[in-house]
1. Evaluate the distance, in nm, between pseudo-label points positioned 7 Å from the Cα of residue 207 and of residue 241 along their respective Cα→Cβ axes.
2. Using the Kirkwood formula over every pair of different C-alpha atoms, what hydrodynamic radius in Å results for region 17-133?
3. Over every pair of different alpha-carbon atoms in the chain, take the mean of 1/r and invert it; report that Kirkwood radius in Å.
4. If R0 is 45 Å, what FRET efficiency do you get for residue 125 and residue 300 from their C-beta distance, rounded to 0.05?
5. Separation of region 96-130 and region 185-224 by C-alpha centroid, Å?
6. If contacts are Cα pairs under 8 angstrom and at least 6 residues apart, what is the relative contact order of region 85-136 in percent?
7. From zero outward in steps of 10 Å, how is the percent of C-alpha pairs of region 185-285 spread across the bins?
8. Roughly how many Å is it from the Cα centre of region 1-80 to that of region 230-251, as a whole number?
């Protein structure tokens, strides 16, 4: 059985003389969260809109579970769910009405259970305009998944939400994935992408600049691993010892902080140094470069 839910091959999209997407290829596996990342103007929205059947590609091939989005719109609508940044719902449409309308469109019974699951039961008779931003996002997610689509597109799903609402939506998205849904997550939030995505693709100037798991992408850059050490007697604050792999270091009130290209030997040497001077380790932290740091690095490389 083909493990791919989505296949993009040599996809190209232009607007007049402007090339928005320039022959990109990637695939999304069944049952994974795939992050599509990039700054404004990178081609992210054009890619999503063509996959969702809203625009026609100008070259290449797109496939969602064997369906061509450009030519099989009727089949596509039952395969995908789309949560947009702006739902486009009428301001005076009630929550319950929205659920009934979308479910009728897909030919399924009204999913009032989703209203309860998403904490909107008390808002069932409220209009869309009366909902908070977080409640509107939760409603948009309910409408996107009401017909239990195997593929879900999420476009900046947590933009503008408070910490609690963000955490709740993250949990719901992971539950969808665990239930077997394939999810494309488009976001500017690198921390969100790193936390949520099984794999990501970074899109810059209409081309794929990098693809892989967040760990694979952060491991390929020139960014340094940060090693933070706190000891009982702060022996690392007392001398200028050098350690293998360390490019630079700094000190704060409690921690000695080292930036290393090879953290294994660095940590080993630090521990030996502390032990040899009869100090006691209190805390040791090894922090890999973040996806945001690697994203900025890739962006700089491409712009040069």
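Just so it is clear, none of the values below were taken in a lab; they were calculated from the coordinates. These figures come from a predicted structure and were not determined experimentally. Ideal geometry is used to build each Cβ from the backbone, glycine not excepted, and the neighbour counts take in all protein chains shown.
1. So the label points at residue 207 and residue 241 sit 4.7 nm apart.
2. Details: mean 1/r = 0.0594 Å⁻¹.
Roughly 16.8 Å, rounded to one decimal.
3. Values: mean 1/r = 0.0457 Å⁻¹.
Taking every pair of different Cα atoms in the chain, averaging 1/r and inverting gives 21.9 Å.
4. Values: r = 51 Å, r/R0 = 1.14.
Plugging the Cβ-Cβ distance into 1/(1 + (r/R0)^6) gives 0.30.
5. 34
6. After rounding, I find 45 percent.
7. P(r) for region 185-285, in whole percents per bin: 14, 36, 22, 20, 8, 1.
8. Cα centroid of region 1-80 versus Cα centroid of region 230-251: 50 Å apart.
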